[in-house]
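Structure first, commentary second.
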Amino acid sequence: MVRGVHGTTWINFATRYVMCTLILLRRPDHDWPVIIGANRDEMIDRPAKPPGRHWPDRPEVVAGLDVLAGGSWLGINDWGVAAAVLNRTGTLGPAVGLRSRGELVLEALDHADAVDAAGALSDLDPGAYRSFNLIVADNRDAFWLRHAGGKKIELHPLKEGLSLIAAGELDELATPRLALAAPRFAAATPPDPEHGDWSAWEALLSDASAPPGSPPDAALRFQTPRGFATVSSSLIALPAPAVEERGPTFRFAAWQPEPTPWQTIAE
């Protein structure tokens, strides 16, 4: 049992709910070879700031700020690297004596290349962190770093096409949320950053519906009576070298504690 930042009790929701979801579309020959959609699930009373240049010692980083621990859950840098961290099942909240997993996003974004970032972070001591899934990508490569309590952080390249991950394994369709999301994203029109059309993926990430009888967190966006909820959604597009002068596009919407509409943070 962990205490929240304003005195509320953080029950170990990780034993009951999926935490955070990330969808990544890889199209190596496309003008926009990487599209990322992500929903952040967290205690509503954990303070955060929307993506921005929050770190004076890292002026090239645009990422959301976890005010409590100083790290981030998702961000990009000016070199076109994107990184996101997701807690694994049973590990919501901080742990005494362990480093914040939000530091991993910033450390990944210290690199100008996804290969270098993934290689460096896979060599970290897994005993210093609670378990995690870390995604690192640029317009050429994408990786899943899996820390599931073993003696080494596993490094796995991501396939072409659509990949989904939450609090467990990659493309784990036994998870109700991923089972619901996978066919919806596969059928949806991908974002078109060139023409500013993000509508299909924005609608899916914003969707609070789930089939009757499903657990609450089968929906991509949900809220529990105890203050655990989907607090924000993000979309990132990384351009190919042919259109690299455009730079990455980063869109963001907050749902908690107050909703804010989708907006472009960086382009």
Of residues in segment 203-217 being buried (at least 18 other Cβ atoms within 10 Å of the Cβ) and under 17 Å from the mean Cα position of the chain (by Cα), the one farthest from VAL61 (Cα to Cα): ASP217
Elements of type strands (runs of 3 or more DSSP E) contained in segment 1-69, each with 1 or more residues being among the basic types (Lys, Arg), surrounded by fewer than 15 Cβ atoms within 10 Å (Cβ to Cβ) and modelled with pLDDT under 95: none
Any chance GLU103 is among the acidic types (Asp, Glu) and under 15 Å from the mean Cα position of the chain (by Cα): yes
Of residues in segment 70-94 being in a loop (DSSP other than H, G, I, E, B) and small (Gly, Ala, Ser), the one farthest from THR230 (Cα to Cα): GLY80
Meets criteria (part of a helix (DSSP H, G or I), at pLDDT 95 or above and over 16 Å from LEU22 (Cβ atoms)) for ASP116: yes
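Restricting segment 218-254 to residues that are of a type outside the set (D, E, K, R) and assigned to a helix (DSSP H, G or I), which is farthest from the chain's Cα centre (by Cα)? Walk me through how you get there before you give the answer.
Residues of segment 218-254 that are of a type outside the set (D, E, K, R), as a first pass: 218-220, 222-225, 227-243, 247-250, 252-254.
After this cut, where a residue has to be assigned to a helix (DSSP H, G or I) as well, the list is 218, 241-243.
Details: ALA218: 17, PRO241: 24, ALA242: 26, VAL243: 24 Å.
Result: ALA242.
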Members of segment 144-166 that are touching a residue at least 60 places away in the same chain (Cβ under 8 Å) and touching a strand residue (DSSP E or B) at 6+ places or on another chain (Cβ under 6 Å): LEU158, GLU160, LEU162, SER163, LEU164, ILE165, ALA166
Cβ-Cβ under 8 Å pairs, at least 6 apart or on other chains, segment 233-248 side surrounded by fewer than 18 Cβ atoms within 10 Å (Cβ to Cβ), far side at pLDDT below 90: ARG246/GLU267; GLY247/ALA266; GLY247/GLU267
Identity of the residue in segment 230-267, modelled with pLDDT under 95 and among the small types (Gly, Ala, Ser), that ends up nearest to ALA200 (Cα to Cα): ALA266
Verdict on PRO183 being of a type outside the set (Asp, Glu), over 23 Å from GLU42 (Cβ atoms) and touching a strand residue (DSSP E or B) at 6+ places or on another chain (Cβ under 6 Å): no
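The values are calculated or read from the model by the stated rules, or taken from the named source; none is laboratory data. Everything quoted here is computed from the prediction, not taken from an experiment. Because the Cβ atoms are built from the backbone with ideal geometry, glycine has one as well, and the counts that use them run over all protein chains shown.
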